[in-house]
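Asker: My questions will all concern the structure given below.
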Amino acid sequence: MSAPRLEIDLDKIQHNARTLAQRLADRGIAVTAVMKASLGSPEIARVVLDAGIKSVGDSRMENIEGMRRSGIKAPMMLIRSPMISDVHRVVRYTDLSLNSELAVIRELSSAAKAAGRRHGVVLMVELGDLREGIMPADLAPTIGRMLDMPNIDLKGIGANLACHCGVSPDANNMAELSTLAATIEREFNITLDIISGGNSANLNWALSGADTGRINNLRLGESILLGCEPLHRQPIEGLHTDAITLIAEVIESKTKPSKPWGEIAQTAFGEKVPAADRGNITQAILAIGQQDVDPAGLLAPTGIDIIGASSDHLIVDCSQHRLPVGAEIRFQLNYSAMVRSMTSPFVSKLLRRSSVPIRVPAAANNWHKTRRVVL
């Protein structure tokens, strides 16, 4: 079996999706499963939809188009503001998109009219994390101008927290979003179908028993795939945290000094290696590197310490137990490591369901470019 590879347990992902969907349904909140970290994998999309989730979202049109070509018919949300250069693709392949710029919505309106389609818009509101969003004071004037645009339907409002500055969703900012929704409905005599409170970072708040107000949608990715919440990377009770595992192969195993010698400058990635002398160590090199994964996001097995990485080499200290060349080492991943390894065309993806492997070749850098999947 080739390495490096990601082994992806579809049953565990489905369990996570079903559990989160059920818990949030009890709080009056629906889930949009975010597929961007899996590169729009249609296999993963199918298992989360089978788990009871009704809609999927992605930030890349390439992923969305690939899922549509693979037969995914569920409502599709573009979770990043559309590029003006993409508006014709957006209205063709998605049902709604998150937006914060009138100029973009105006182009979506023109594209939708030309295509004879209607396109749903969720307006994003800035609640403090300083990524995308309309300032709250500007929301009503924006809606006033948008409601006259043909072939555009205002479906709701939303927010995003924690991704840029780490601002946590809490009772105060979620109550502000609910209040804004009620104010907009009253002022314009409309009903907003979707009040999207945020992402997996909202789970601590949403499942705490706090008043959820008008929030009726969350966009979940990391919690479904990795079983943890993003604020503190703590496991969520009852979820699998090992649904995705990275396997890398040893290509060198030797005893070497721990301290480099010669004149020391920057490494390939502009770092400086600590010069502590721990004597000789049992060192191994694995055939994976910064181009394929975020080494800081890897959790190595007990007895193995990651000591460095270059573009395509991961260097580990394996204590006094030499790893044989050809041995495979299994790592757990955080979100950063998972996203980079999913994206790498040099990391194979092996999906499993009921012990039946579904192999996706490493040569395909996007799932939608690899339709020859053998069951």
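The values are calculated or read from the model by the stated rules, or taken from the named source; none is laboratory data. Fair warning: this is a prediction, and the values are worked out from it, not measured in the lab. Note that each Cβ is placed from the backbone with ideal geometry, even for glycine, and that neighbours are counted across all protein chains shown.
Asker: Output the qualifying pairs, or none if there are none: Cβ atoms under 6 angstrom, residues six or more apart or on different chains, first residue in the range 80-91 and on the phi < 0 side of the Ramachandran plot, second residue in a helix (DSSP H, G or I) and surrounded by fewer than 15 Cβ atoms within 10 Å (Cβ to Cβ).
Answerer: 91/115
Asker: Could you tell me whether the range 194-201 includes any residue that is surrounded by fewer than 18 Cβ atoms within 10 Å (Cβ to Cβ) and touching a residue at least 24 places away in the same chain (Cβ under 8 Å)?
Answerer: No, the conditions are met nowhere in the range 194-201.
Asker: Between 72, 53, 84, which is in contact with an Asp or Glu (Cβ under 8 Å, 6 or more places away or on another chain), among the β-branched types (Val, Ile, Thr) and modelled with pLDDT of 95 or more?
Answerer: Result: 84 is the single residue among 72, 53, 84 that is in contact with an Asp or Glu (Cβ under 8 Å, 6 or more places away or on another chain), among the β-branched types (Val, Ile, Thr) and modelled with pLDDT of 95 or more.
Asker: Pick from 71, 52, 57: which is outside the structural domain of residue 288 (by TED's automatic domain parsing) and in contact with a strand residue (DSSP E or B) (Cβ under 6 Å, 6 or more places away or on another chain)?
Answerer: Of the residues listed, the single one that is outside the structural domain of residue 288 (by TED's automatic domain parsing) and in contact with a strand residue (DSSP E or B) (Cβ under 6 Å, 6 or more places away or on another chain) is 57.
Asker: What about residue 190, is it closer than 15 Å to residue 218 by Cα, in contact with a helix residue (DSSP H, G or I) (Cβ under 9 Å, 6 or more places away or on another chain) and either in a helix (DSSP H, G or I) or free of Cβ contacts under 8 Å to residues at least 60 places away in the same chain (or both)?
Answerer: Considered against the rule, which asks whether it is closer than 15 Å to residue 218 by Cα, in contact with a helix residue (DSSP H, G or I) (Cβ under 9 Å, 6 or more places away or on another chain) and either in a helix (DSSP H, G or I) or free of Cβ contacts under 8 Å to residues at least 60 places away in the same chain (or both), residue 190 comes out as no.
Asker: Within the set of pairs 6+ apart or on separate chains, which have a first residue in the range 262-275 that is assigned by TED's automatic domain parsing to the domain that holds residue 291, a second that is charged (D, E, K, R) and surrounded by 10 or more Cβ atoms within 10 Å (Cβ to Cβ), and C-beta atoms under 8 Å apart?
Answerer: Note: pairs meeting the criteria are 275/259.
Asker: Something else: Quick one: how many residues across the range 92-133 are in contact (Cβ under 8 Å) with a residue 40 or more places away in the chain and of a type in the set (Val, Ile, Thr)?
Answerer: So the answer is 3.
Asker: Now for a different question. Residues 62, 43: which one is in a helix (DSSP H, G or I), at pLDDT 95 or above and surrounded by 18 or more Cβ atoms within 10 Å (Cβ to Cβ)?
Answerer: Being in a helix (DSSP H, G or I), at pLDDT 95 or above and surrounded by 18 or more Cβ atoms within 10 Å (Cβ to Cβ) holds for just one of 62, 43, which is 43.
Asker: Same structure, new question: Tell me, which strands (runs of 3 or more DSSP E) wholly within the range 264-375 include 1 or more residues that are at pLDDT 95 or above?
Answerer: 280-286, 305-309, 314-317, 328-333, 348-353
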